[in-house]
Protein chains: 2
Amino acid sequence: MARKRSTLKDVAQAVGVHVSTVSRALNPHTRHLITDEIAERIAQASRALDYRPNTAAYSLRTNRTKTVGVVVPDITNSIFPPIIRGVEDALLDKGYATLVVNTDGRREREAVILDALSARGVDGLVVASVQREDAAIGELAGQGVPIVTVNRSVDDPSIASVVSDDAAGIRMMLEHLTSIGHTRIAAIAGDQNLSTGKKRHQAFVLHAAALGLLAGPVRFAGAFNEDDGARCMGELLDGGGRFTAVLCANDRLAIGALGALRARGMRCPQDLSVTGFNDMPMVDRIDPPLTTIRIQQYQVGFMAAGVLLERMNARGEAPPARSVVLPVELIVRGSTAPAAASKPAPRVRSLTR
Amino acid sequence: MARKRSTLKDVAQAVGVHVSTVSRALNPHTRHLITDEIAERIAQASRALDYRPNTAAYSLRTNRTKTVGVVVPDITNSIFPPIIRGVEDALLDKGYATLVVNTDGRREREAVILDALSARGVDGLVVASVQREDAAIGELAGQGVPIVTVNRSVDDPSIASVVSDDAAGIRMMLEHLTSIGHTRIAAIAGDQNLSTGKKRHQAFVLHAAALGLLAGPVRFAGAFNEDDGARCMGELLDGGGRFTAVLCANDRLAIGALGALRARGMRCPQDLSVTGFNDMPMVDRIDPPLTTIRIQQYQVGFMAAGVLLERMNARGEAPPARSVVLPVELIVRGSTAPAAASKPAPRVRSLTR
DNA sequence: CCATAAAATGCAAACGATTGCATGATTGCG
DNA sequence: CGCAATCATGCAATCGTTTGCATTTTATGG
């Protein structure tokens, strides 16, 4: 970047030694091969000349790019930036740079994306956009590319992952709801092709039964977004089932659900309690503030980077896939209230159309 | 990344030509030097072998990395992801990868960051974290590094920039407020070392005078965040000046201000109107929904990438610095109401402490 | 049909680092 | 004091591309 970068050769010339000596002196790994005095002079000269190793040359020779790819559905979705931040922070001082790419959840685009990353020869991959069955990921892993999925996981247990404790989160939420008197609980579930969607829904079914409450009607959202949340809430309300709370598979669905509720002139939490999952930024500021499950977004990213480093540094065979699960926390806010104050969902048709 | 990548040599061998011929045939720029028939055979072989050029070797030889750095204060701040997305989208199909780094607004960290980018030899820089006077940026630009600032600009006009029309936004907001009867307007201004803080505040002063209204008390926030917004709002209320609306230099300040307002038992917009700037995601869902100025975040990023490409491709002297200003839009929501309904700020001390 | 210009391809030298091996210097020990 | 072992450094090949120049092939025109 600077006008004229100095190279190993320049430093070697300045000190009067061979370039290989400089290389060794500057590499902590081979530093011990060099006499202290010479090494010191080299260190000084390298500082004086502001020497920076040429990444391209290093990569070409060693076949390591010191770059990792981070694949997310959409960086614009505020669940991901903290995760990315965690990954970057964990990797930066290890000398790794981070290439973030967006798939928009589209399969074809994912192919193009992975192509671009592959062409750049990233040393490893942190993937947040994975589905439960993911051929592309499986193939790459099979080829020996270090991979760790984050936030979501694939069903294949041989792929390392760092996720949040979805099941515990749902259980805690259900316990919270029952503790304030709710017994009829509906759900807006997420995409069952995603581990988060699947796990959360399974937990809902399982723990609802265990707690002896009536799992109410369930709608499955196609995507984890506000529009689908609104649509599902509309369908639930139109469906005529009886319930006093709606458990949503994530915050965005919950936000959409709240919108649909309001559009029909109903109030949360007076008429219906609504819960989310993730504790996205700002959900504490919306109306009503959302009761949700807080996941450790930054930590998840940070740990994923750690697991990835472990795999990238494993010289021989890949270490056994680690599956890290981080604890979650229940955050009670204004969108849930005692069931006593709630009326069952009305059976009336929606007002408009 | 794949087990064993094929190289130019492999393709050359397969076709029975020299590697330089393959190189030329595959490069659109030199493609015309090669006989159509051979070129075609090379194209096929390269496809069959799934040949991908080695980025490291390319970079080493040409001294271009096909990588640009994007420097933001914090990717976690939801104003930036759409900008980054715009940059990435504009650059991806031109074959450029994007390295995003966070400075956290800290100067020392910025140095480290730029170091890391410099070491990686990025071809250009999109900088969103710039201050009005920025030595580091000026120096890099002086060294001939293609740079464009985004969202913010530096005072030095020789640095290219893509920003939103801050002045127009403030004018529109003031016009909106006066149109609904406000005449005494206070302000929470941003950091005057940032172009956005400075420009918006200048516009406030200028247009308030032009509209013949009473620019009320002003507080300067140190950072564009909720905490400082709350603090400033507190000071305004304690200050005892009279005003019916508070114009905040951005949404986060406004959100903090709303919090402080509520903490004192006052209501928005009944007691006081509050306005923001940027139209961040979710500000339409908070309570009350924020009246603000919508900036074209994605477009700003996209255009910045375009300007950068122009500079990176300029072989000889850098083209004259372009300064692009994108239009903004007034979004009226629930946080502003006619002044008639507002009572002047009370002169009482805050309730707690 | 040959000389010559033009077009197509091959050759080889970079780019800047790493690293196995060779060599020269030093040390230790008998 | 000499020989071997050890240590420090130098040598040179290598990674995969690009590209100026040399060389070969083809086309052109007299």
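The values are calculated or read from the model by the stated rules, or taken from the named source; none is laboratory data. As the structure is a prediction and not an experimental result, all values here were calculated from the model. We place every Cβ from the backbone using ideal geometry, glycine too, and count neighbours over all the protein chains shown. Just the protein is used for accessible areas: all its heavy atoms, side chains included, with ligands, DNA and RNA removed. Shrake-Rupley method; radii C 1.70, N 1.55, O 1.52, S 1.80 Å.
Brief remarks on what is shown
- The strands (runs of 3 or more DSSP E) found wholly in the stretch A:134-233 and carrying at least 2 residues that are more than 30 Å from A:Pro320 (Cβ to Cβ) and among the hydrophobic types (A, V, I, L, M, F, W, C) occupy A:184-189, A:214-220.
Yes/no matrix, rows are residues, columns are (1) outside the structural domain of B:Arg152 (by TED's automatic domain parsing); (2) in contact (Cβ under 8 Å) with a residue 24 or more places away in the chain; (3) crowded, with 16+ Cβ neighbours inside 10 Å; (4) within 11 Å of DNA strand C (Cβ to nearest atom):
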position: B:Val15; (1), (2), (3), (4): yes, yes, yes, yes
position: B:His29; (1), (2), (3), (4): yes, no, no, no
position: B:Leu33; (1), (2), (3), (4): yes, no, no, yes
position: B:Glu37; (1), (2), (3), (4): yes, no, no, yes
position: B:Ile42; (1), (2), (3), (4): yes, yes, yes, yes
position: B:Ala45; (1), (2), (3), (4): yes, yes, yes, no
position: B:Val70; (1), (2), (3), (4): no, yes, yes, no
position: B:Pro81; (1), (2), (3), (4): no, no, yes, no
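- B:Ala141 more than 13 Å from every other protein chain (Cβ to nearest Cβ) and more than 30 Å from A:Asp115 (Cα to Cα): no
- When A:Lys198 is tested against (1) at pLDDT below 95; (2) more than 14 Å from chain B (Cβ to nearest Cβ); (3) under 30 Å from A:Gly306 (Cα atoms); (4) open to solvent by 20 Å² or more (accessible area, probe 1.4 Å), exactly one condition is not met: (1).
- Residues (outside any loop (DSSP other than H, G, I, E, B) and under 11 Å from B:Val68 (Cβ atoms)) located in the stretch B:93-124: B:Ala97, B:Thr98, B:Leu99, B:Val100, B:Leu117, B:Arg120, B:Gly124
- Residue match in the stretch A:97-110 (condition: basic (Lys, Arg), within 30 Å of A:Asn193 (Cβ to Cβ) and either within 13 Å of another protein chain (Cβ to nearest Cβ) or within 11 Å of DNA strand D (Cβ to nearest atom) (or both)): yes
- Every residue from the stretch A:284-295 that is touching a strand residue (DSSP E or B) at 6+ places or on another chain (Cβ under 7 Å) and more than 8 Å from chain B (Cβ to nearest Cβ): A:Thr291, A:Thr292, A:Ile293, A:Arg294, A:Ile295
- Boolean, A:Tyr58 is on the phi < 0 side of the Ramachandran plot, within 16 Å of DNA strand C (Cβ to nearest atom) and assigned by TED's automatic domain parsing to the domain that holds A:Ala314: no
- Residue list for the stretch B:234-245, filter: in a helix (DSSP H, G or I) and open to solvent by 30 Å² or more (accessible area, probe 1.4 Å): B:Glu235, B:Asp238, B:Gly239
- Selection from the stretch A:165-191 of residues that are buried (at least 24 other Cβ atoms within 10 Å of the Cβ) and closer than 22 Å to A:Pro73 by Cα: A:Asp166, A:Ile188, A:Gly190
- Residue among A:Arg52, A:Arg64 that is away from DNA strand D (no atom under 15 Å from the Cβ) and either within 14 Å of chain B (Cβ to nearest Cβ) or assigned to a strand (DSSP E or B) (or both): A:Arg52
- Count of residues meeting criterion [touching a residue at least 60 places away in the same chain (Cβ under 8 Å) and either at positive phi or not assigned by TED's automatic domain parsing to the domain that holds A:Ala257 (or both)] in the stretch A:170-215: 1
- Filter result (small (Gly, Ala, Ser) and surrounded by fewer than 20 Cβ atoms within 10 Å (Cβ to Cβ)) within the stretch A:204-215: A:Ala209, A:Ala210, A:Gly212, A:Ala215
- Residue satisfying all of: in the stretch B:1-13; crowded, with 17+ Cβ neighbours inside 10 Å and more than 10 Å from DNA strand C (Cβ to nearest atom); nearest to the other protein chains (Cβ to nearest Cβ) among these: B:Met1
- Taken over the stretch B:79-100, the criterion of being at pLDDT 95 or above and either on the phi > 0 side of the Ramachandran plot or in contact with a Pro (Cβ under 7 Å, 6 or more places away or on another chain) (or both) is satisfied by B:Pro81 alone.
- Boolean, B:Cys268 is part of a loop (DSSP other than H, G, I, E, B) and in contact with a strand residue (DSSP E or B) (Cβ under 7 Å, 6 or more places away or on another chain): yes
- B:Ala57 falls short on exactly one of the conditions (1) open to solvent by less than 30 Å² (accessible area, probe 1.4 Å); (2) touching a helix residue (DSSP H, G or I) at 6+ places or on another chain (Cβ under 6 Å); (3) part of a helix (DSSP H, G or I), and that condition is (1).
- Residue check: B:Pro82 meets all listed conditions (1) within 16 Å of DNA strand D (Cβ to nearest atom); (2) in a helix (DSSP H, G or I); (3) facing chain A (nearest Cβ under 10 Å) but one, namely (1).
- Residues (polar (S, T, N, Q) and modelled with pLDDT of 95 or more) located in the stretch A:292-338: A:Thr292, A:Gln296, A:Gln297, A:Gln299, A:Ser335, A:Thr336
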